[in-house]
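Data block below; observations after.
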Amino acid sequence: MAKDADKSDWKDFIWNPRTREFLGRTASSWGLILLFYLIFYICLAGLFALTMYVMLQTLDDHKPTWQDRLSTPGMMIRPKGDESLEIVYSIQNTESWDMYAQALDRFLDPYNNSIQVEKNDECTPDQYFVQEDSGDVKNNPKRSCQFNRTMLKECSGISDRYYGYQHGQPCIIIKLNRVIGMLPGKNGQAPYVTCGAKKEDDIGELLYFPPNGTFNLMYYPYYGKKAQVNYSQPLVAVKFLNITVNQDVNIECKINANNIPIGSERDKFAGRVSFKLRINTN
């Protein structure tokens, strides 16, 4: 009998035909609760939408409102290994170095003279290419300066399609990471790249292209990907003429500028890049 009573109580709780209550509430009671939560969540959604709208009004589509940039930009090389900054090949094994030449071809394709002439301007060297906005009127899209592939001369891949790898005189391309608004030099002194051995390795004689490994001031400041759609990042090429072969050579290249702090040992890529180069003769 007790089990039948419990079963009957459960049935009445789920649906009581006498009071017409479902789960202990009448239809009007359920309706009021649903109406309350509907209004409550509509208000929350409206508050969230209003907050997002107000926040978006403070943002610029072309330039970040707040920029927590490093005081010393990073550097990177091309070509590079898939997982590490190592360039290892054998002069006698064409396949071992041809992949590096192909990687440089792909990287330098946008720097072909024909593409640069079509998209970018011929700027005045050795001075910043500043393009200010006129009050609330945005000067967008901003123009960019030409960086022609031929400026890399022996490392352009034009006169030597294999970039010296077949002769044990490889070219390495160095680029400085983009930082919006950065002016990497003062008093007309442009930043430049120098490379040296990290240990007691012998890296031999080096050639830099453009001359002195300089990042010309006319490529700065950088205004961002949306504002400066056709921006061509300046490059520096380093050619190793007589580096020690058949052994690992650890090399460090760094940026030198009179207003860029020297990176610390805690950040290996702040203003410098280190990589291993090994050229085997057999």
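So Asp126 fits all but one of (1) in a loop (DSSP other than H, G, I, E, B); (2) within 23 Å of the chain's Cα centre (by Cα); what number is the exception?
(2)
Please specify each residue of region 200-251 satisfying the condition of being in a strand (DSSP E or B), among the polar types (S, T, N, Q) and surrounded by 18 or more Cβ atoms within 10 Å (Cβ to Cβ).
Of everything in region 200-251, just one residue is in a strand (DSSP E or B), among the polar types (S, T, N, Q) and surrounded by 18 or more Cβ atoms within 10 Å (Cβ to Cβ), namely Thr214.
Restricting attention to region 95-114, does a residue exist that is assigned by TED's automatic domain parsing to the domain that holds Arg161, at pLDDT 95 or above and part of a loop (DSSP other than H, G, I, E, B)?
Yes, the conditions are met somewhere in region 95-114.
Among the residues of region 183-221 satisfying the criterion of being in contact with a Pro (Cβ under 7 Å, 6 or more places away or on another chain) and farther than 15 Å from Asn256 by Cβ, which is modelled with the lowest pLDDT?
Let us first name the residues in region 183-221 that are in contact with a Pro (Cβ under 7 Å, 6 or more places away or on another chain), namely 183-185, 191, 215-216, 218-220.
Adding the requirement that they be farther than 15 Å from Asn256 by Cβ leaves 183, 218-220.
Numbers: Leu183: 90, Met218: 96, Tyr219: 96, Tyr220: 94.
Out of the qualifying residues, it is Leu183.
Among what's in region 35-62 and is in a helix (DSSP H, G or I) and modelled with pLDDT under 90, pick the residue that is nearest to Asp136 (Cα to Cα).
Checking each candidate, the answer is Gln57.
Could you tell me which of the residues Ile180, Ile172 is in contact with a strand residue (DSSP E or B) (Cβ under 8 Å, 6 or more places away or on another chain) and surrounded by fewer than 17 Cβ atoms within 10 Å (Cβ to Cβ)? Working first, answer last.
Values: Ile172 fails: surrounded by fewer than 17 Cβ atoms within 10 Å (Cβ to Cβ).
None of the other options fit; the residue is Ile180.
What number of residues in region 70-84 are surrounded by 17 or more Cβ atoms within 10 Å (Cβ to Cβ) and not in a strand (DSSP E or B)? Outline the logic, then answer.
Of region 70-84, the ones surrounded by 17 or more Cβ atoms within 10 Å (Cβ to Cβ) are 72-75, 77-80.
From what is left, the residues that are not in a strand (DSSP E or B) are 72-73, 79-80.
The number of residues fulfilling the criteria is 4.
If I ask for residues that are closer than 16 Å to Arg143 by Cβ and loosely packed, with under 12 Cβ neighbours inside 10 Å, which ones from region 103-118 would you list?
Glu118
The values are calculated or read from the model by the stated rules, or taken from the named source; none is laboratory data. Being a predicted model, the structure only gives us computed values, none of them experimental. Heads up, the Cβs are rebuilt from the backbone with ideal geometry, glycines too, and the neighbour counts pull from every protein chain shown.
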